[in-house]
2 protein chains.
Amino acid sequence: MASVENPASPTAEGRLAQEFAVPSHVEAERVRMAEFAEHHGSAGRRVVLITSGGTKVPLESRTVRFLDNFSSGRRGASSAEYFLDSGYAVIFLHRHRSLYPYTRLYSGVNLLDTLQMEGEGSSGQVVVDQVALPNIRAVLKRYRAVKEAGLLLPVEFSTLSEYLHLLKAAAQALSSIGPKAMFYLAAAVSDFYIPASEMPEHKIQSSNGPLQISMKMVPKMLSPLVKDWAPQAFVISFKLETDATILLERARRALDTYRHQAVVANVLDTRRGYVVVVTSDTQAELALTEEDSHKGVEIEERIVGNLSAAHSNFIAQQG
Amino acid sequence: MASVENPASPTAEGRLAQEFAVPSHVEAERVRMAEFAEHHGSAGRRVVLITSGGTKVPLESRTVRFLDNFSSGRRGASSAEYFLDSGYAVIFLHRHRSLYPYTRLYSGVNLLDTLQMEGEGSSGQVVVDQVALPNIRAVLKRYRAVKEAGLLLPVEFSTLSEYLHLLKAAAQALSSIGPKAMFYLAAAVSDFYIPASEMPEHKIQSSNGPLQISMKMVPKMLSPLVKDWAPQAFVISFKLETDATILLERARRALDTYRHQAVVANVLDTRRGYVVVVTSDTQAELALTEEDSHKGVEIEERIVGNLSAAHSNFIAQQG
């Protein structure tokens with residue numbers, strides 16, 4: 001049997017430092033996030049860090065090939081909107097080019113199919129076809145208001161290494177506001193990676209025959225995050241499985257191991273209409289009815305409603 | 001030493017049939033492509049099939065994780081525009097959500113940052129900020145003209161299996177127009193995959209310890225494409241390496257093996273400003289000067305110019 005790492009091991013942070021070089025922009029991002037948290041914290045606002053999208057795991061150091069996770073970033077992007085509606089300030093730590101709050105509503109359309117020219121030649125207005133971009137005025141208004149109030153701070157990652165270091169930087173940045181910080185870890189983070197020392201520099205040649213890839217387990221950052229980096233914060237992790245029969249047991253096991261506040265458990269095929277929010281002593285099923293779906297209600301509205309209420313209780317208990 | 005497959009082996013087509021299940025929509029796409037080719041062929045137009053973007057290789061049958069190739073689809077999308085400018089009809093076989101002709105020019109901007117509301121409340125126009133979307137009127141005009149003339153047929157793939165079967169379908173569809181068909185194979189196709197029979201059904205559990213992935217070589221479709229599916233066509237493949245020292249030798253070897261018309265050879269770091277078009281008896285270096293780059297000239301304009309001239313000669317020789 002393969003050896004199982006102890007995820008509560010104090011070496012996760014050590015492994016991060018040793019095995020993943022710090023990208024050069026992380027310190028500047030940490031400062032931006034800390035300023036954002038302090039600003040909104042002192043205005044009495046709660047701040048949520050949302051992670052969203054999948055991580056890229058290079059197989060070669062000059063990367064042509066990489067391992068990725070299935071994730072459009074839809075859940076993170078829509079949740080960001082509901083957190084903003086609930087009065088939170090949002091740090092949106094997302095995969096480059098994954099879905100983005102508000103813009104996500106139009107991700108399936110080709111921009112050039114939604115525009116109409118007025119006038120002739122090179123001058124004249126270009127106008128939006130409001131049938132092709134439904135609700136565009138309302139969405140644009142909301143997007144503008146959020147942007148002008150400075151309530152949404154986007155931070156981007158592509159590789160696993162960028163994600164891990166930016167998550168640590170975010171946790172440090174949010175520690176100043178204590179229990180008013182929420183971590184909503186919806187990103188699909190790789191469990192496996194190839195250490196830089198074992199990676200070929202150049203593109204792997206197919207003429208060398210079949211490919212054997214040997215991947216190491218990624219250190220579990222939830223452990224130092226909960227214990228050391230942001231011990232007062234309200235922390236939510238996500239558990240996605242394809243096999244419904246093992247889901248709740250895995251969610252409980254994660255809570256037992258990391259001692260954070262909640263796990264949002266979901267199954268790949270039904271994730272848009274059904275999740276279970278698991279805490280140490282509760283288990284709340286959130287589900288959309290057919291009528292909800294017809295009306296365009298999103299499950300993220302329910303998830304955010306459930307968690308922001310739980311966050312209120314959490315803050316009250318700490319106070 | 002690992003065994004090297006003979007890429008010219010007649011079994012590539014057999015392996016495609018045996019190892020990759022045919023996706024259900026392939027036959028309908030074949031019919032669409034055949035109608036497109038016949039329509040434009042009988043109007044005296046040449047037709048180019050451009051493949052673009054990377055292929056997704058699932059590691060699990062209910063896919064959470066996959067192997068991918070670095071490719072935004074920029075080269076394919078911009079080349080499509082220059083082929084359209086040169087009078088070709090274009091079948092654009094591209095990775096879902098990779099860059100698309102014309103729209104690619106605005107891929108980096110957030111749609112909602114480019115729009116301005118006129119009037120108040122829920123009515124009134126929404127107008128494009130033409131500073132945020134430079135040249136939008138000219139681009140929109142060109143996009144519309146191409147669309148109205150029916151000169152661009154988009155076909156999408158995501159997985160390697162979809163790509164392989166759609167490529168075969170495209171080759172069959174284009175065989176009716178003989179030497180007037182060009183294949184411009186710019187997609188970044190995986191060299192490796194995991195056979196369905198060896199794939200776990202469910203998400204691989206990280207608690208099982210380190211991951212060993214064993215991948216098989218993908219059958220080389222260039223071989224049946226050139227020999228059987230579209231033997232009269234003008235076929236271009238691409239060779240991307242990270243190591244410049246092996247590039248030209250690899251390009252020559254590909255030409256020797258598959259006996260197609262040209263290889264566009266390029267190195268990852270310099271691919272936007274320098275390529276070599278290699279044929280059995282010529283080697284043309286195409287490079288942008290600094291002045292070209294300042295003016296916004298793209299290397300794809302040069303590549304398409306070179307290849308469409310070569311295609312003219314090729315057609316004349318066959319006639």
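The values are calculated or read from the model by the stated rules, or taken from the named source; none is laboratory data. Keep in mind that what you see is a predicted model, and the values were worked out from it rather than measured. Here the Cβ positions follow ideal geometry from the backbone for every residue, glycine too, while neighbour counts run over all protein chains shown.
Key figures for this structure:
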{"item": "Single unsatisfied condition, A:Pro134 versus (1) surrounded by fewer than 16 Cβ atoms within 10 Å (Cβ to Cβ); (2) more than 30 Å from A:Gly273 (Cα to Cα); (3) at pLDDT below 95", "result": "(2)"}
{"item": "Residue satisfying all of: in the range B:53-68; among the hydrophobic types (A, V, I, L, M, F, W, C) and at the interface with another protein chain (Cβ under 9 Å from one of its Cβ atoms); farthest from B:Asp191 (Cα to Cα) among these", "result": "B:Val64"}
{"item": "Criterion violated by A:Val275 - all others in (1) part of a helix (DSSP H, G or I); (2) surrounded by 18 or more Cβ atoms within 10 Å (Cβ to Cβ) satisfied", "result": "(1)"}
{"item": "Residues of the range B:198-245 satisfying the condition of being more than 7 Å from every other protein chain (Cβ to nearest Cβ), assigned to a helix (DSSP H, G or I) and surrounded by fewer than 16 Cβ atoms within 10 Å (Cβ to Cβ)", "result": "B:Glu198, B:Asp228, B:Ala244, B:Thr245"}
{"item": "Test: residue in the range B:171-184 that is in a helix (DSSP H, G or I), within 29 Å of A:Glu60 (Cβ to Cβ) and of a type in the set (A, V, I, L, M, F, W, C)", "result": "no"}
{"item": "Count - residues of the range A:231-266 that are hydrophobic (A, V, I, L, M, F, W, C) and more than 17 Å from the chain's Cα centre (by Cα)", "result": "7"}
{"item": "In the range B:24-67, the residues that are assigned to a strand (DSSP E or B), touching a Ser or Thr at 6+ places or on another chain (Cβ under 7 Å) and under 25 Å from B:Ala310 (Cα atoms)", "result": "B:Ile50, B:Ser52"}
{"item": "B:Ile236 vs. criteria within 30 Å of A:Arg253 (Cα to Cα) and β-branched (Val, Ile, Thr)", "result": "no"}
{"item": "Single residue of the range A:69-90 satisfying the filter (among the aromatic types (Phe, Trp, Tyr) and under 19 Å from A:Leu167 (Cβ atoms)) that is nearest to the other protein chains (Cβ to nearest Cβ)", "result": "A:Phe83"}
{"item": "Residue check, A:Ala262 among the small types (Gly, Ala, Ser), touching a residue at least 60 places away in the same chain (Cβ under 8 Å) and within 23 Å of A:Leu174 (Cβ to Cβ)", "result": "no"}
{"item": "Qualifying positions in the range B:11-34 - modelled with pLDDT under 95 and either buried (at least 18 other Cβ atoms within 10 Å of the Cβ) or touching a helix residue (DSSP H, G or I) at 6+ places or on another chain (Cβ under 8 Å) (or both)", "result": "B:Ala12, B:Glu13, B:Arg15, B:Leu16, B:Glu19, B:Phe20, B:Ala21, B:Val22, B:Pro23"}
{"item": "Test result for B:Ser79, in a loop (DSSP other than H, G, I, E, B) and buried (at least 16 other Cβ atoms within 10 Å of the Cβ)", "result": "no"}
{"item": "Checking B:Leu185 against (1) free of Cβ contacts under 8 Å to residues at least 12 places away in the same chain; (2) buried (at least 22 other Cβ atoms within 10 Å of the Cβ); (3) not polar (S, T, N, Q), the condition it does not meet", "result": "(1)"}
{"item": "Identity of the residue in the range A:91-108, facing another protein chain (nearest Cβ under 10 Å) and surrounded by 15 or more Cβ atoms within 10 Å (Cβ to Cβ), that ends up modelled with the lowest pLDDT", "result": "A:Ser107"}
